[in-house]
1. Suppose we filter the stretch 448-468 for residues that are open to solvent by less than 60 Å² (accessible area, probe 1.4 Å) and in contact with a strand residue (DSSP E or B) (Cβ under 6 Å, 6 or more places away or on another chain); how many remain?
2. Would you say L408 is in contact with a Pro (Cβ under 9 Å, 6 or more places away or on another chain), in contact (Cβ under 8 Å) with a residue 12 or more places away in the chain and open to solvent by less than 20 Å² (accessible area, probe 1.4 Å)?
3. Out of the stretch 374-389, which residues are crowded, with 19+ Cβ neighbours inside 10 Å and under 23 Å from the mean Cα position of the chain (by Cα)?
4. Do you know which residues across the stretch 537-585 are over 19 Å from L475 (Cα atoms), acidic (D, E) and part of a strand (DSSP E or B)?
5. Being closer than 30 Å to V177 by Cβ, in a helix (DSSP H, G or I) and in contact with a Gly (Cβ under 9 Å, 6 or more places away or on another chain) is true for just one of Y281, Y206. Which residue is that?
6. Take the residues in the stretch 557-585 that are more than 28 Å from the chain's Cα centre (by Cα) and open to solvent by less than 50 Å² (accessible area, probe 1.4 Å); name whichever of them is nearest to A491 (Cα to Cα).
7. Please go through the stretch 422-464 and pick out each residue that is within 21 Å of K351 (Cα to Cα), of a type in the set (A, V, I, L, M, F, W, C) and in a loop (DSSP other than H, G, I, E, B).
8. Being in contact (Cβ under 8 Å) with a residue 40 or more places away in the chain, closer than 24 Å to I90 by Cβ and assigned to a loop (DSSP other than H, G, I, E, B) is the filter here; which residues of the stretch 166-187 pass it?
Amino acid sequence: MKERWMLTAKKADFYGLGERFGLDPVIVRLIRNRDIVGEAAMEEYLYGSMKQLHDPHLMKGMDEAVRIIREKRDAGKKIRIIGDYDIDGICATYLLYRGLSRIGIKTDFMLPERVRDGYGMNCRMIDEAEADGIDTIVTCDNGIAACEPAAYAKKKGMTLIITDHHSIPVSEQGTPVLPEADTILNPHQEDCGYPFKELCGAAVAYKLVCALYEAEGIPSEESEALVEYAGFATVGDIMDLTGENRILVKEGLRRLNHTKNIGLRALIRENGLSERKIMAYHIGFVLGPCLNAGGRLKTAHTSLSLLLAESEQEAAAIASELYQLNVQRKTLTEEGVLEADAQITENGWEKDPVLVVYLPDCHESIAGIIAARVKEKYYRPTLIITDGEDCVKGSGRSIEGYSMFEELQKCKELFLKYGGHPMAAGFSLKKEHINRLRAALNENCRLTEEELTPKIMIDVAMPLHYISEKLIEELEVLEPCGKKNEKPVFAEKNLKVLGARVLGQNRNVLKFRVRNTAGCTMDALYFGDIEELLARIEQRYGPAQVESMLQNRPNAVEFAAIYDPSINEYRGTRTVQIILRSVTL
């Protein structure tokens, strides 16, 4: 796939700020590229702590929620928490369950089943709550769009507290549409004074627990100990790692690395991470997917039971089950991606600006993951459709410049149901409408060739001879990295290849020895599609040059690279090397 490499060029006094904070000017440039402007903002970015978290009472509805919950406790009423089946919903439910139980409330929880219930609270759950003698429902990570179930609960005389973080629905006239509830905690409410709006559902739940503990006179150390679950969910729900979220994740990771939660320790151990420093990456790509696998392929109650486990034996058994479910999920995903890829190739859809692929046997819970993977490969808005009980269901993932929700609206007559936002959507329709949907989306699409070419924003065009162990160690101040605080992107062109060889038991590493124009030589490791890269080199330079390169003989091969600097430690010797993210010839 062609890429456009573009250099970020934001200005600041890099040397002056570097001297002020004791950092290499390159580090200051990286921080400035993340839209951190001025000394105060940089101070918070580097040293923000629990003290910088905003007062929970600034959130609209917080004091009312605390008052209602304490009154219900004093009256001996039962409270049920209704969460969601993903990482955010699971962590939010755990936080509320721990918090309400701690202040003496008779409480339990219910999580929806993805296929049977779909997202969030529904009327069936209200009926079950009534049958179980529940007086009050507290939602978390859902409820802000549940107008019908909320009205149903109020009609039955229940008290309803909604805690959520999703966008507020609006009417056709553009006015907010809020569910009927006794109080709502959601920083996106128009008149909510909470300064930071991008909290995840578990972080909103965490704020409620903090306010409850404060009202009950419980030491702040107890609420602070729960921040690891808010931080875990913030990464798992792919929230922006800026402002307060950055603090929640940084503080959460600090505690997660010494967690007292038996279940999390078992999950870390099951994934072979006991001797590793847990980073945001491990939440996003190792631990988090295991928690999500419960809600995808079985039930989210399995994942929540891990967090609530009371013995090492119980925790180990659940962690093993979730690990195996995630292995199964990965296998199903790989099979789905291969099948989607085959359909695209066979039907000549590679040039379609919008990809619509029907995978009838795909598990509907992984359609979104497959859509994301296909989108990454082809850099096209992608919709994956699979069979449901009485219709077909789909998940879509988009690219910058294409609002998937708006485009679905243009052919809304084809859908039984649809919803979403610019970058992702979900929908259902009749099977016979799939081809019409593909045609309509492609006919309506106005994406240009430039917009269908992925852009890679380079932070620093950094020559190899500038890299040092000290600089690599300093890069850790950027952690935790994730959405809106991405890992830095470095690049250098005119790298002359001195030799290369394929390594690894599965021949899955291509190790180059490269030299830049200043004469600095270094190892460069490539973990991508080796056969594809060698084929590109052969197409550009010819088979003889590839053979010479692989025999470490003089050759004509050179390339430009986007890379990550790293340290290789072998038998007590430490050397600087680079990991190649992308190569252009």
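The values are calculated or read from the model by the stated rules, or taken from the named source; none is laboratory data. Just so you know, these numbers come straight off a predicted model, no measurement behind them. Note that each Cβ is placed from the backbone with ideal geometry, even for glycine, and that neighbours are counted across all protein chains shown. All accessible areas refer to the heavy atoms of the entire protein, side chains included, with ligands and DNA or RNA removed. Shrake-Rupley method; radii C 1.70, N 1.55, O 1.52, S 1.80 Å.
1. The qualifying residues number 8.
2. no
3. Matches in the stretch 374-389: V374, K375, Y378, R380, P381, T382, L383, I384, I385.
4. Scanning the stretch 537-585 gives a single hit, E558.
5. The match here is Y206.
6. A560
7. The answer is M423, C445, L447, L452.
8. Those that are in contact (Cβ under 8 Å) with a residue 40 or more places away in the chain, closer than 24 Å to I90 by Cβ and assigned to a loop (DSSP other than H, G, I, E, B): S167, N186, P187.
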